[in-house]
Every structure is written in C-alpha cells, then in structure tokens.
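Engineer: Pasting a structure below so you can have a look.
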Amino acid sequence: MDFDSKEFARRFHYDGGDLGARLTEKGTEFRLWAPTAQKVQLRLFQSGHEGEAFETLEPERGEKGVWLARCDRRLDGVYYDYLVTAEGRTRPTADPYARACGLNGQRSMVVDLSATDPEGWQQDKAPARQPEDIIYEVHVREFSWAESGGFPEGWRGKYKAFCCGDTTLFGQGGQPTGLAYLRQLGVTHVQLMPVYDYGSVDEAHPEDSFNWGYDPVNYNVPEGSYSTDPARGEVRIRELKELVQSLHRQGFRVIMDVVYNHTYKQDSWLERTVPGYYYRTWKDGSWSNGSACGNDVASERSMCAQYILDSVLYWAEEYHMDGFRFDLMGLVDTRLMQRIREELDARFGRGEKLVFGEPWAAGPTAHKRGVRLADKKSLAGMDPEIGAFCDGVRDAVKGPVMYRDKPGFVNGGRGFEQRILRSVTGWCGQGRGFAAAAPSQTITYLSSHDDMTLWDKLVVTLDPEQNFDQPSPLVMRASRLAAAIYMTCQGRLFLLSGEEFGRTKQGVDNTYNAPIQANRLDWQRAWDNRELVEYYRGLIALRKQLPALCDKSPKARQRLLRGEVPACRCVTALLENGGAWSKILLAYNASSRPVELQLEAGRWELLADENSSFWWQEHPAVERARVQPMAAMILGQRKQE
Ligand code: CA
C-alpha cells in the first residue's frame with residue numbers, strides 16, 4: 001500500500017480525536033488505528049510489567065482502520081497491550097496513544113486523568129510573561145542530584161525536587177540553590193530536557209545509568225525514572241503535574257523538550273501497530289537516518305502529523321506546558337510546524353506557548369517530494385512565532401562547535417566582526433546561514449546540553465594548562481565578554497543550566513550517557529563562582545529594561561542606528577531604545593588594546609562594563625568611554641527631560 005498516496009489518506013485518515021483508552025460513564029473504550037492489521041487482540045493485566053493477561057478482548061475493525069473494543073467496566077488502573085497481526089506477523093505492542101504505562105513503558109495503562117491532578121490544579125496558571133524570555137535548560141536528574149543542592153534525600157533526581165522552593169547549599173540555610181537560585185537569577189522559563197517516557201534508563205534501577213533521554217518510547221506518558229514509583233502508572237503523571245504547578249507558583253513557565261523526529265528504536269509501538277507507516281524509507285526500502293538515531297519519523301503523512309499535533313496539544317492541555325522545544329526540527333515538515341503553531345494559538349492565545357527548535361538535522365532524510373523541512377532555509381518563511389536555535393551567534397562568539405580548538409570572537413578568533421554585528425540584530429534579514437524574519441524567531445544562545453559547555457570551550461581555546469576547575473583570569477574575562485555580547489543581542493535568550501557559574505564537563509562534548517557525576521549541577525561551584533553568577537544576573541535584569549533588545553517585531557532591526565568596527569576585533573552598535581535611555585551603545589572589545597569611543601552629544605551613563613553589570617542601578621555619568629581589552633561596555637543615553 002502506498003502510504004504517501006492521497007487514496008490512502010482519504011480511506012484511512014481518522015480524526016475522531018478519541019484514539020487510546022477512554023473511560024466512559026459506565027465502562028472503557030479502546031481505539032487503535034491499525035488500518036493494515038489483519039487481526040488485533042487486546043490483553044488486560046493487573047500489573048504493568050509482570051504476570052499473564054487476566055482477560056483478552058477481541059476488538060472489531062471499524063471505519064478508517066480503527067479497531068474498537070468496549071468493556072462495561074471502568075478499568076482505570078488496569079494495564080493493557082495489543083497483539084497486532086500485520087504483514088503476516090503477530091507482535092505485542094503497547095498503545096501508541098497511551099497516556100499512562102507501567103514500569104519501563106512496556107504495557108499501557110487505563111487512567112482516570114482527573115484523579116491524577118494535584119490539589120489546586122484547576123486553578124493552576126502560568127505566571128505573566130515578562131518583557132523578555134530567559135530560557136534555562138535543565139535535566140530533571142542533573143538539577144537536584146548533587147548533595148550540595150540541599151534537596152531532601154528521597155527527592156534528589158526526581159520530579160519532586162522541583163517542589164522545593166527554598167533549598168540552600170548543603171541545606172545549611174545560606175546560599176540559595178535550585179529554584180530559589182533561579183528566581184534570583186531572573187530566569188523566566190525552565191526548559192526540561194526530555195520528560196516523556198524514554199527507553200535508555202531502566203526504571204527499575206535508575207541509579208545504574210544516566211541518559212539525557214532523547215530516545216522516546218511513549219510519547220504521551222511521563223518518564224518513570226524521575227518518579228518516586230515508576231511501577232504505579234498514575235504516580236509519574238501526578239508528580240510531573242506537581243512539578244509544573246510548583247514552577248508556575250514560583251514564577252516560572254515550563255518548556256518541554258520534544259523529540260518527534262525519531263523513536264528509541266525502529267521497532268517501536270508505532271512500527272508494530274502500522275508497519276512502515278510512521279517512518280521514512282529510501283526507494284530501496286532502507287531506513288532513512290537523518291536523525292543519526294536509526295530512523296526518521298514521517299511527519300508529513302497525515303496520521304503521523306495528527307499524532308504529533310495531538311501529542312503537543314495534550315501536553316499543553318493536560319500538563320499545562322508553556323512551550324515546546326523541537327529536537328531536530330529540521331526533520332519535521334513546515335506544514336506540521338505551522339499547524340502546531342496555529343492550533344496552540346487558537347487554544348491558548350497568540351504566541352502564548354513558545355515553539356522553537358533545532359533548524360537542522362544530522363543528515364539527509366527521505367521525505368516525500370514536495371515536502372519542505374523546517375530548517376534554516378525555511379525559517380523566515382514560517383510563522384514569526386516559530387523560532388530556532390541560532391548557530392550564527394553561538395559560533396561567532398565562541399567558535400564553531402564542530403571544531404574543538406577553533407576560536408570565535410572572544411577567544412582569539414579573527415574576522416568575526418560582521419557576524420557579531422549580525423548577532424546584535426538576531427541574524428534577521430537576508431544573509432548566508434541563519435536568517436530570521438524577526439527576532440521572535442531567533443533563540444540566542446552560547447551553550448546547550450549538546451557540545452562543550454561555554455566554559456570548557458573557553459578553557460580549551462584559551463588556557464594552555466587546560467584547567468577546567470581553577471579559572472584562569474583570561475577564561476574568566478572571556479566568559480564575561482561572551483555573556484555580555486549574547487545577553488545584549490535581540491532574540492530570545494537561552495542558556496544551559498550552570499553556564500552562568502562556569503559549568504564544566506571537563507572538556508567532554510557529548511555526555512548523553514556519561515555518569516551522573518559528570519552531568520550533575522554542582523551547586524558548590526555556583527557558590528565558588530558567584531561573581532560570574534552576579535554578572536549574569538545583572539545582565540539579565542538590565543536586559544529586561546531595554547526595549548531595544550526585548551523588541552521581537554520584524555522592525556526591531558531598524559533600531560540599529562549604527563554598527564561599526566572601530567578597531568580590529570572590536571565592535572560597537574548604537575541602538576534606538578526608548579525606555580529610560582533613549583539610545584544604548586554596545587561595545588565589545590575582544591582585542592588586547594583598549595579602545596576609545598566617540599560619544600555623541602547628550603548625557604551618557606554607564607550601564608555595565610567588565611567589572612559590574614549593575615552600574616545601571618547607580619547611573620554614573622560618562623564623558624569619555626574607554627573600553628578595556630577583552631571587555632564589554634554598555635552605555636545608555638539618558639532621555640532628555
Ligand atoms: Ca522510561
């Protein structure tokens with residue numbers, strides 16, 4: 001059967017919105033979309049991971065390839081799977097539409113979702129948007145694993161740790177850690193690395209391994225290893241909701257990292273249910289592998305698109321997620337991304353839920369003809385509220401991620417001046433590489449979970465001793481300069497947790513399955529490097545007051561009045577601001593000599609330099625501006641009274 005044909009979609013596209021297991025007044029209904037199956041059986045279990053089925057039902061084939069079984073009992077808490085016979089083979093499979101599951105996601109579970117709501121969930125509301133979005137990427141286990149975080153013993157590494165609002169270093173009552181620390185820092189959005197159910201960590205023994213979790217098994221169920229009881233299907237659901245509720249109460253919005261471009265294995269629930277439908281293959285039948293993870297999901301096929309859309313909406317509605325970060329968005333088609341944007345807007349208000357992703361893939365993919373992928377080339381043509389990680393600013397500031405030793409602007413590189421200027425306006429407008437239509441599309445960042453941390457890249461390129469733990473003065477200076485540059489670029493701000501305290505992974509660039517010791521957030525280091533943290537804090541607070549930088553409209557780049565290169569490896573940008581300061585002047589000097597700036601008439605105030613990012617609180621007037629070597633300076637022209 002040609003899955004790409006219009007005929008297939010016409011005959012089998014199902015939009016009933018009721019796939020999966022549903023509780024009704026008196027009973028339970030199970031619907032599975034399996035148009036190519038010859039036979040389907042439904043098995044019921046008492047346990048999510050052991051024992052034989054206590055009952056087997058025979059679903060009937062109905063319209064559009066949907067198999068339906070009805071039961072006159074309410075089966076909440078009962079586990080189930082299917083035996084699907086297709087292409088002459090019978091295989092067990094969990095329900096791709098499952099919203100709850102047992103240990104390690106091998107069986108699905110019927111769940112009464114309303115019974116999983118924490119107290120006050122109906123009233124749960126995201127905090128109001130701030131002038132700027134500051135997105136902080138954390139991994140659930142990394143966040144609270146270290147003893148230095150001062151989290152309750154049994155909650156370390158769990159969803160529950162996010163319910164602690166007032167943790168301190170080693171629990172000693174002094175320096176804040178965890179969410180209390182993030183509140184001080186000025187973060188607005190906490191981005192969770194995968195919290196859907198993934199396969200690489202054994203939920204029965206989560207301490208035995210670590211993984212980032214980019215290996216989805218059950219798309220619509222939370223990961224079990226972060227829950228206090230992964231064998232009871234309802235617990236992980238309640239605990240993830242509690243996490244969201246707690247973050248909301250403490251002033252953060254929550255972004256979910258979603259990985260619809262590939263599944264953990266080719267042999268997934270999707271594949272066992274409708275063999276061949278959900279994945280791209282080349283003409284010779286081999287599997288497309290643009291994800292470098294063994295398979296590429298065929299987002300362009302109508303029921304696959306529907307599946308992904310439904311999943312996103314489900315997380316937004318049921319779990320109150322405030323945004324979605326699409327892994328390898330460059331493998332997903334633009335039509336689906338646009339649809340996701342539209343449906344989220346229709347339900348929650350324009351732009352209320354953030355949508356952005358990685359505008360690239362790991363390799364070529366076998367999409368059908370006429371499909372456009374949501375990559376860098378497509379970005380400017382998509383909805384301005386679909387954003388993408390800007391590798392332009394990332395690589396210009398600190399050097400390319402692909403070449404370990406190659407520097408960028410702040411660490412000795414030459415010829416980056418124009419790219420730094422493009423970064424100021426969020427890489428908007430025509431140009432090579434990344435090109436956004438508006439800064440709302442630009443995710444400005446220097447580090448994420450991928451690749452070396454910012455600190456490590458700077459140590460590798462600047463410190464002959466390669467000492468990741470004792471900061472060389474040069475690395476410290478470059479850290480501040482790098483932060484000052486990207487924190488004053490238009491676009492939405494994103495940082496890897498711990499970047500602001502010089503997080504190190506000892507130069508290792510891919511720690512996806514490294515031990516937790518290599519990945520954990522070291523809250524002691526946040527204290528040791530508190531001066532750097534303060535520097536970030538000041539920049540974040542300043543930024544929220546600068547309309548020139550917070551402006552996300554397509555016209556934002558017209559605020560750039562003048563961009564200049566007054567000396568080699570030095571860049572200045574004068575921007576129309578319109579807040580307390582009518583203009584701001586940004587100066588980034590990566591050279592080894594001080595640079596004198598000419599200031600136009602008016603009262604200029606120092607807002608930040610290499611020593612402090614809090615000068616703006618004191619309004620010191622500046623007559624002559626001298627930008628020190630390896631330093632940034634931010635000036636504001638006081639509005640004429
Ligand atoms: Ca799992």
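The values are calculated or read from the model by the stated rules, or taken from the named source; none is laboratory data. The structure displayed is predicted, hence computed values, not measured ones. Using ideal geometry, Cβ is built from the backbone for each residue, glycine included, and neighbour counts are taken over all protein chains shown. Heads up: the accessible areas ignore ligands, DNA and RNA and are worked out on the full protein's heavy atoms, side chains in. Shrake-Rupley method; radii C 1.70, N 1.55, O 1.52, S 1.80 Å.
Engineer: Please identify every one of the trypsin sites (Lys or Arg not before Pro) in region 59-145 that sits in a loop by DSSP and has no more than 16 other beta carbons within 10 Å of its own beta carbon.
Structural biologist: Arg73, Arg74, Lys125, Arg129
Engineer: Another question, then. Ignoring ligands, DNA and RNA, please state the percent of accessible area on region 395-457 from carbon and sulfur, probe 1.4 Å.
Structural biologist: Taking all protein chains in place, region 395-457 shows 49 percent carbon and sulfur surface.
Engineer: Counting only the heavy atoms of the protein chains, how much of Cys71 is accessible to a 1.4 Å probe, in Å² to the nearest 10?
Structural biologist: Approximately 20 Å² for this residue.
Engineer: If I ignore ligands, DNA and RNA and count only protein heavy atoms, how much of Met329 is accessible to a 1.4 Å probe, in Å² to the nearest 10?
Structural biologist: 0 Å²
Engineer: With the convex hull built on the Cα atoms of region 126-246, state its orientation-averaged projected area in nm².
Structural biologist: If you wrap the Cα atoms of region 126-246 in a convex hull and average its projections, you get 7.6 nm².
Engineer: Taking all protein chains as present, what is the carbon and sulfur share of the accessible area of region 87-173, in % to the nearest whole number, probe 1.4 Å?
Structural biologist: Ligands and nucleic acids excluded, carbon and sulfur give 45 percent.
Engineer: Based only on Cα atoms, what Rg/Rh ratio does region 503-599 have, Rh being taken as Kirkwood's radius?
Structural biologist: For region 503-599, the value is 1.11.
Engineer: Give me the base-10 log of I(q)/I(0) for region 24-74 at each q in 0.15, 0.18 Å⁻¹, Debye formula, one uniform scatterer per Cα, rounded to two decimals.
Structural biologist: With no solvent term, the Cα-only Debye profile gives -0.46, -0.64.
Engineer: Could you tell me how many cubic angstrom of Cα convex hull volume region 402-463 has per residue?
Structural biologist: It is 97 Å³ per residue.
Engineer: At 0.692 mPa s and 37 °C, plugging the Kirkwood radius over alpha-carbon pairs of region 393-527 into Stokes-Einstein gives what diffusion coefficient in µm²/s?
Structural biologist: 216 µm²/s
Engineer: Using only the C-alpha atoms of region 173-319, find the volume of their convex hull and express it per residue in Å³.
Structural biologist: For region 173-319, the hull spanned by Cα atoms encloses 148 Å³ per residue.
Engineer: Near the amide H of Arg603, under 5 Å away, which other amide H atoms are found, from residues 5 or more places off or on another chain, if H is placed in the peptide plane?
Structural biologist: HN-HN under 5 Å from Arg603: Arg638.
Engineer: Give me the three principal axis extents of region 47-91 from the C-alpha atoms, as integers in angstrom, largest value leading.
Structural biologist: 29, 25, 13
Engineer: Given the pairs Lys265/Lys544; Lys265/Lys368; Lys64/Lys125, which span a C-alpha to C-alpha distance of over 32 angstrom in this model?
Structural biologist: Violating the 32 Å limit, Cα to Cα: Lys265/Lys544; Lys64/Lys125.
Engineer: Mind checking the log10 I(q)/I(0) for the chain at q = 0.11, 0.12 Å⁻¹? Debye, one equal scatterer per Cα, no solvent, two decimals.
Structural biologist: -1.07, -1.24
Engineer: Taking H as built 1.01 Å from N, whose amide H comes closer than 5 Å to the amide H of Asp124, not counting residues under 5 places away?
Structural biologist: When sequence neighbours closer than 5 places are left aside, there are no close amide H contacts.
Engineer: Which whole-Hz ³J(HN,Hα) couplings does region 306-319 yield from phi under the Karplus relation 6.51 cos²θ - 1.76 cosθ + 1.60, θ = phi - 60°, glycine and proline marked x?
Structural biologist: Result, ordered by residue: 4, 4, 5, 4, 4, 5, 4, 5, 4, 5, 5, 7, 7, 10 Hz.
Engineer: Amide H of Arg107: which non-local residues (sequence gap of 5 or more, or other chain) have their own amide H closer than 5 Å, using H built in the peptide plane?
Structural biologist: Gly102
Engineer: Applying the Karplus parametrisation 6.51 cos²θ - 1.76 cosθ + 1.60 with θ = phi - 60° to the phi angles of region 146-160, what ³J(HN,Hα) value in whole Hz is obtained for each residue in order, glycine and proline being reported as x?
Structural biologist: 5, 4, 4, x, x, 7, x, 3, x, 9, 5, x, 10, 3, 4
Engineer: With a probe of 1.4 Å, find how much accessible area region 74-227 has per residue, and write the answer as a whole number in Å².
Structural biologist: For region 74-227, the solvent-accessible area averages 32 Å² per residue.
Engineer: Calculate, in nm to one decimal, what Arg89 and Arg638 gain on full extension: separation in residues at 0.36 nm each, minus their alpha carbon distance.
Structural biologist: Stretched fully, the Arg89-Arg638 segment lengthens by 190.2 nm.
Engineer: How large, in percent, is the carbon and sulfur part of the accessible surface of region 1-41 at a probe radius of 1.4 Å?
Structural biologist: Solvent-exposed carbon and sulfur of region 1-41 make up 44 percent of the total.
Engineer: Once you put a point 7 Å from the Cα of Leu23 and another 7 Å from the Cα of Glu564, both along the Cβ direction, what distance in nm separates them?
Structural biologist: Placing both labels 7 Å beyond Cα along the Cβ direction yields 6.9 nm.
Engineer: Here is a further query. What ³J(HN,Hα) values, in whole Hz, does the Karplus curve 6.51 cos²θ - 1.76 cosθ + 1.60 give for region 20-25 when θ = phi - 60°, with x put for Gly and Pro?
Structural biologist: These are the phi-based 3J(HN,Hα) values: x, 9, 10, 8, 10, 3 Hz.
Engineer: Calculate, for region 298-410, the solvent-accessible area per residue in square angstrom, rolling a 1.4 angstrom probe over the heavy atoms of the protein chains.
Structural biologist: Accessible area per residue, region 298-410: 35 Å².
Engineer: Considering only the other residues whose Cβ falls under 9 Å of the Cβ of Asn519, what net charge follows from Lys and Arg at +1 and Asp and Glu at -1?
Structural biologist: +2
Engineer: Could you give the C-alpha radius of gyration of region 268-309 expressed as a fraction of 2.2 N^0.38 Å, taking N as the number of residues it contains?
Structural biologist: In units of the globular-protein estimate, region 268-309 measures up at 1.11.
Engineer: Given DSSP loops and a limit of at most 15 other Cβ atoms within 10 Å, what is the longest stretch of the chain that contains no such chymotrypsin sites (Phe, Trp or Tyr not before Pro)?
Structural biologist: Counting at most 15 other Cβ atoms within 10 Å as exposed, the longest clean stretch of the chain is 55-281.
Engineer: Tell me the mean residue ellipticity at 222 nm calculated for the chain from its helices only (DSSP H runs of n ≥ 4, each -39500 (n - 2.57), averaged over every residue, nearest 500).
Structural biologist: That comes out to -6500 deg cm²/dmol.
Engineer: How much accessible surface does Thr281 have with a 1.4 Å probe, in Å² rounded to 10?
Structural biologist: Roughly 60 Å² of Thr281 is accessible to a 1.4 Å probe.
Engineer: Leaving ligands, DNA and RNA out of it, rank Glu223, Glu343, Glu271 by accessible area with a 1.4 Å probe, largest first.
Structural biologist: Order by accessible area, largest first: Glu343, Glu271, Glu223.
Engineer: Over region 575-641, one equal point on each Cα, no solvent: what is log10 I(q)/I(0) by the Debye formula at q = 0.17 Å⁻¹?
Structural biologist: At q = 0.17 Å⁻¹ the computed log10 ratios are -0.55.
Engineer: On average, how much accessible surface per residue is there in region 502-641, in Å², for a 1.4 Å probe, leaving out ligands, DNA and RNA?
Structural biologist: 45 Å²
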